[in-house]
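> Below you'll find the structure I mean.
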Amino acid sequence: MIAAEQENEQAVLHIAGRPIGGPHFSLIAGPCTVESREQVLEAAEAVSEAGATMFRGGAYKPRTSPYAFQGLGQEGLRLLAEAKEQTGLPIVTEVMDARDLDVLLEVADVLQIGARNMQNYTLLSEVGRCGRPVLLKRGLSATLDELLMASEYILTEGNESVILCERGIRTFETSYRFTLDLMAIPVLKARTHLPVFVDPSHAAGRRDLVGPMSLAAAAAGADGIIVEVHPRPDEAICDAAQQLPTAEFADYVERVRAAAAVAGKVLSS
Ligand code: PEP
Ligand code: MN
């Protein structure tokens, strides 16, 4: 197995000129979804100025309800391209359907595979074949073995740029949205050379928990964090309760930078 073969030799991936993994700590930040030109450009400018490594934003959204907003699709991708042009930040955005790959590849520097698609094996293979770096999220009820096997579907197609992402798993606890499994960080890092990121936003579902869980993840040796940030979170179309306001983001970055330093890592902008 490719993920296990290079055990203990942490890979440093190079994505759009940014080093990922090893001594480097990365911060992917941006809104849950692309909503409007103003929102996306404001968010991109703020996270860029605060020192984020990459910009996130969904154009195709996996929503629990089919009646909920599903994302702006190609119009959203166009706005992400504008954000990239304006800030120079590489773009991370989700692919839900291989039929969208052609248009996604025009904009995405990293293709995100969401938690709900972690075991969509045909999608994993297609994304593996396209060669673009992938951020693979752990499924809601997936074991770490299952996450690693999912990564193999991408790796065996010859695509070596895979980032694993812990984003909370479903447990019996109902006080917050999901249970962030921080032990996944050292356990995965002992078993694979792939970089391991953490998404505190989708785990918590609540803004007040995002700060402490980000610090814990960084201090525990995560290679990066993907976090949701919005200029006006209360007006957000989805995940309003968990997105950090852009006004507080610079302070957040400094605290995460210090926590990453505890684990011997340097934030790369
Ligand atoms: C997201 O990051 O936009 C997302 C939907 O996350 P997850 O797949 O982890 O729920
Ligand atoms: Mn979200």
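The values are calculated or read from the model by the stated rules, or taken from the named source; none is laboratory data. Bear in mind that the values here come from a model prediction, so they are computed numbers and not experimental data. Cβ atoms come from the backbone with ideal geometry, glycine included; neighbour counts cover every protein chain shown.
> Tell me the residue from A46, A52, A11, A59 that is closer than 18 Å to V198 by Cα and buried (at least 21 other Cβ atoms within 10 Å of the Cβ), please. Break it down stepwise before answering.
Values: A46 fails: closer than 18 Å to V198 by Cα; A11 fails: buried (at least 21 other Cβ atoms within 10 Å of the Cβ); A59 fails: closer than 18 Å to V198 by Cα.
Within the list A46, A52, A11, A59, the selection yields A52.
> Another one. Whether any residue in segment 216-224 is within 24 Å of K61 (Cα to Cα), touching a residue at least 24 places away in the same chain (Cβ under 8 Å), crowded, with 23+ Cβ neighbours inside 10 Å and within 16 Å of ligand 2 (Cβ to nearest atom) is what I want to check. Before you say what the answer is, go through the steps one by one.
Step one: list which residues in segment 216-224 are within 24 Å of K61 (Cα to Cα), which gives 224.
When the remaining residues are screened for being touching a residue at least 24 places away in the same chain (Cβ under 8 Å), the result is 224.
Still in the running and crowded, with 23+ Cβ neighbours inside 10 Å: 224.
Next cut, within 16 Å of ligand 2 (Cβ to nearest atom) only: none.
No: zero hits.
> Taking the condition away from ligand 2 (no atom under 12 Å from the Cβ), free of Cβ contacts under 8 Å to residues at least 12 places away in the same chain and either part of a strand (DSSP E or B) or among the aliphatic types (A, V, I, L, M) (or both), does A190 pass? Spell out how you get there, then give the answer.
Working: away from ligand 2 (no atom under 12 Å from the Cβ): yes; free of Cβ contacts under 8 Å to residues at least 12 places away in the same chain: no; either part of a strand (DSSP E or B) or among the aliphatic types (A, V, I, L, M) (or both): yes.
It is false that A190 is away from ligand 2 (no atom under 12 Å from the Cβ), free of Cβ contacts under 8 Å to residues at least 12 places away in the same chain and either part of a strand (DSSP E or B) or among the aliphatic types (A, V, I, L, M) (or both).
> If you take the residues of segment 162-176 that are in contact with a Leu (Cβ under 9 Å, 6 or more places away or on another chain) and over 18 Å from L27 (Cβ atoms), which of them is nearest to ligand 1 (Cβ to nearest atom)?
So in segment 162-176, the residues in contact with a Leu (Cβ under 9 Å, 6 or more places away or on another chain) come out as 162-170, 176.
Checking the rest, the ones that are also over 18 Å from L27 (Cβ atoms) come to 162, 168-170, 176.
On the way: V162: 16, G168: 8, I169: 10, R170: 11, Y176: 14 Å.
For segment 162-176, the residue satisfying everything is G168.
> For segment 201-224, enumerate the residues that are farther than 16 Å from P23 by Cβ, within 16 Å of ligand 1 (Cβ to nearest atom) and not in a loop (DSSP other than H, G, I, E, B).
Scanning segment 201-224 gives S201, H202, A203, A204, R207, L209, V210, M213, S214, A217.
> Just for segment 96-138: of the residues that are within 14 Å of ligand 1 (Cβ to nearest atom) and of a type in the set (V, I, T), which one is nearest to A81 (Cα to Cα)?
Looking at residues that are within 14 Å of ligand 1 (Cβ to nearest atom) and of a type in the set (V, I, T), I get V110.
> Can you tell me how many residues in segment 54-80 are within 14 Å of ligand 2 (Cβ to nearest atom) and not small (G, A, S)?
8
> Next question, about the same structure. With respect to T174, determine if the residue is surrounded by fewer than 24 Cβ atoms within 10 Å (Cβ to Cβ) and touching a residue at least 12 places away in the same chain (Cβ under 8 Å).
On the way: surrounded by fewer than 24 Cβ atoms within 10 Å (Cβ to Cβ): yes; touching a residue at least 12 places away in the same chain (Cβ under 8 Å): no.
So T174 does not fit the description; no.
> Kindly indicate which of L111, L101, L135 is in contact with a strand residue (DSSP E or B) (Cβ under 9 Å, 6 or more places away or on another chain) and assigned to a helix (DSSP H, G or I). Reasoning before the result, please.
Details: L111 fails: assigned to a helix (DSSP H, G or I); L135 fails: assigned to a helix (DSSP H, G or I).
When all the criteria are applied, what remains is L101.
> Are any residues in segment 52-70 outside any strand (DSSP E or B), more than 10 Å from ligand 1 (Cβ to nearest atom) and touching a Leu at 6+ places or on another chain (Cβ under 7 Å), and if so, which ones?
Correct list: A52, T53, A59.
> Also, quick follow-up: In segment 27-57, which residues are of a type in the set (A, V, I, L, M) and either farther than 24 Å from A218 by Cα or at pLDDT below 95 (or both)?
Our first condition is that a residue be of a type in the set (A, V, I, L, M); within segment 27-57, this holds for 27-29, 34, 40-41, 43-44, 46-47, 50, 52, 54.
Residues satisfying the conditions are V34, V40, L41.
> Could you tell me which of the residues V210, V187 is within 17 Å of the chain's Cα centre (by Cα) and of a type outside the set (G, A, S)? Full working, then the answer.
On the way: V187 fails: within 17 Å of the chain's Cα centre (by Cα).
Only one candidate qualifies: V210.
> Please list, ordered by first then second residue, the pairs with beta carbon atoms under 7 Å, 6 or more apart or interchain, first in segment 31-51 and over 15 Å from A247 (Cβ atoms) and in a loop (DSSP other than H, G, I, E, B), second at pLDDT below 95 and more than 16 Å from ligand 2 (Cβ to nearest atom).
Every condition considered, the pairs that remain are G51/S269.
> Among the residues of segment 138-165 satisfying the criterion of being assigned to a loop (DSSP other than H, G, I, E, B) and acidic (D, E), which is nearest to the chain's Cα centre (by Cα)?
Among those residues, the one meeting the criterion is E160.
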